[in-house]
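Written below as structure tokens is the structure these notes are about.
Every read-out reported here was derived from the displayed coordinates using simple, explicitly stated rules and does not represent laboratory data. Only a predicted model underlies this, so the values are computations on that prediction, with no experimental measurement involved. Cβ placement follows ideal geometry from the backbone for every residue including glycine, while neighbour counts extend to all protein chains displayed.
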Amino acid sequence: MMIFILITGGAGNVGGSLAERLVKNPDYFVVILDNLTTGSIHKLPPANYSNWKFINGDVNCYDDISAVMTSFHFDYVFHYAALVGVKRTLDNPILVLNDITGIKNVLSLSKNTGVKRVFYSSSSEVYGEPVSLPQFEDITPLNSKLPYAIVKNVGEAYFRTFSLQYNLDYTIFRFFNTYGPKQSEDFVITRFIKQALNNLDITIYGDGSQTRTFCYVDDNNDATIIALEKNKGINDTINIGNDIEYTILELAKLCIIKTNSKSKIVHLPPLKEGDMTRRQPEISKMKSILLDRPLISLSEGIDRILKELN
């Protein structure tokens, strides 16, 4: 029997990569809803697969999303649509707040159309400035005051509340810097690689001592798909990321080495807000889902991106 899956925001980095993986299973029919504000049709699955459909629509518009969800009667929904990017979300706080409407639309329609489980892309941003490391799903305070993080936190509360009130199963993924070939150029790894390949100055905010962890998209997708197919993480919150920290300066130097670039590193004034000093998830839940297999290293992940570009 065909299993119907909806991915909102499925023309983005993570959503597009997930869709491309899911359509390889002939038992799945995948519908991708995206308004292409930050997504791209170039990130959709290959045309030689017939078990998917793209619909240009806005999840924040009830008429758009209700028409899709009442037509297909999905088994599972991945709600990945959101306004993303630190600078973009700081520049457009009202648009960020509008994403709450999309969350409510997806949950209400999922409850009323027989969806078995809804997966939600939350973010490491909910943790704000770290009070301790690593950052645990259940005990680390969620203290960010940025609009993007607040909306993600409100979204998580909606998912838990719908589960309590209506028995709608959910899984919340808190994504930590997932990167890959489909990532847009306003994110750090893709931007650094492009600058390095063109021998342009690599620009860093501040002194570059701020740390991040970088999760290659295949690790993200593997954990997500296993959670779907093996019924893992039901009504739970899971950090999805890599737990090895790198400074942004180390990342820039690695991109220069990997591309044999002549780029110079140039330091810009620090961002006024939104550039947290450190990030490091505690990923025991994710590792358990992946049966403790090794994660893809940052070095190998950059190699894979460069191979895609050649």
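Can you tell me which of 37-44, 249-256 comes out highest on packing, and rank the rest after it, using the mean Cβ neighbours within 10 Å?
Top of the packing list down: 249-256, 37-44.
Take peptides 139-148, 11-20, 173-182 and line them up by average Cβ neighbours within 10 Å, highest first, as a rough protection proxy. Each step should come with its number before you reach the end.
Numbers: 139-148: 16.0, 11-20: 26.4, 173-182: 22.7.
Ranked by mean Cβ neighbours within 10 Å, highest first: 11-20, 173-182, 139-148.
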Check your understanding: If you find the alpha carbon centre of the stretch 1-31 and of the stretch 208-234, how far apart are they in angstrom?
Key -> 16
Study note, to complete from the structure: Expressed to two decimals, the chain has a Cα Rg over Rh, using the Kirkwood radius, of 0.95
Revision key, fill the gap. Gyration tensor on Cα atoms of the stretch 265-304, a ≥ b ≥ c root eigenvalues, a/c under 1.5 rounded, else prolate if a/b beats b/c, else oblate, says oblate
Revision key, fill the gap. Sorted by chain and then number, the residues having a modelled amide H within less than 5 Å of the amide H of Ile240, at least 5 places away or on another chain, are Arg174, Phe175, Phe176
**Study point:** Spatial separation of Cα centroids for the stretch 95-147 and the stretch 54-80, in angstrom
**Key:** 19
Exercise for review: Just give me a number: lysine pairs in the stretch 129-287, eight or more positions apart or cross-chain, with C-alpha atoms less than 23 Å apart.
Suggested key: 18
**Study point:** Note, ³J(HN,Hα) from phi for the stretch 231-247, Karplus 6.51, -1.76, 1.60, rounded to Hz, x at Gly and Pro
**Key:** 6, 9, x, 5, 6, 9, 10, 9, 5, 10, x, 10, 9, 9, 7, 10, 6
Practice item. Please list, in chain and number order, the residues 5+ apart from Arg117 or on another chain whose amide H is under 5 Å from its amide H, with Hs placed from the backbone. Key: Val77
Review point. Could you give the angle, 0 to 90 degrees to the nearest 10, between helix 13-22's Cα long axis and the longest principal axis of the Cα atoms of the chain?
Key: 50
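Hey, could you grab the Kirkwood Rh for the stretch 128-198? Inverse mean 1/r over distinct alpha carbon pairs, Å, one decimal.
Numbers: mean 1/r = 0.0665 Å⁻¹.
Answer for the stretch 128-198: a Kirkwood hydrodynamic radius of 15.0 Å.
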**Study point:** For Ile265, distant residues with modelled amide H under 5 Å away
**Key:** Ile202
Exercise for review: Determine ³J(HN,Hα), in whole Hz, for all residues of the stretch 57-72 in sequence, where each value follows from phi through the Karplus function 6.51 cos²θ - 1.76 cosθ + 1.60 and θ = phi - 60°; x replaces Gly and Pro.
Suggested key: x, 10, 5, 7, 9, 4, 4, 5, 6, 5, 4, 6, 6, 7, 7, 9
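Per DSSP H run of n ≥ 4, the term is -39500 (n - 2.57); total these for the chain, divide by its residue number, and report the mean residue ellipticity at 222 nm rounded to 500 deg cm²/dmol. Spell out each step's value before the answer.
Values: 10 runs with 120 residues, N = 310.
Roughly -12000 deg cm²/dmol at 222 nm, from the helical runs in the chain.
Mean separation of Cα pairs under 8 Å and 6+ residues apart, divided by the residue count of the chain: what relative contact order is that in percent? Display every interim value, and only then the final one.
Numbers: 601 pairs, mean separation 52.8, N = 310.
Result for the chain is 17 percent.
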Check your understanding: Can you count the Lys pairs in the stretch 18-117 whose Cα atoms are under 20 Å apart, with each pair 8 or more apart or on different chains?
Key -> 4
Point to revise | Within the stretch 148-183: backbone nitrogen closer than 17 Å to the Asp91 label point (7 Å, Cα to C-beta) | key: 148
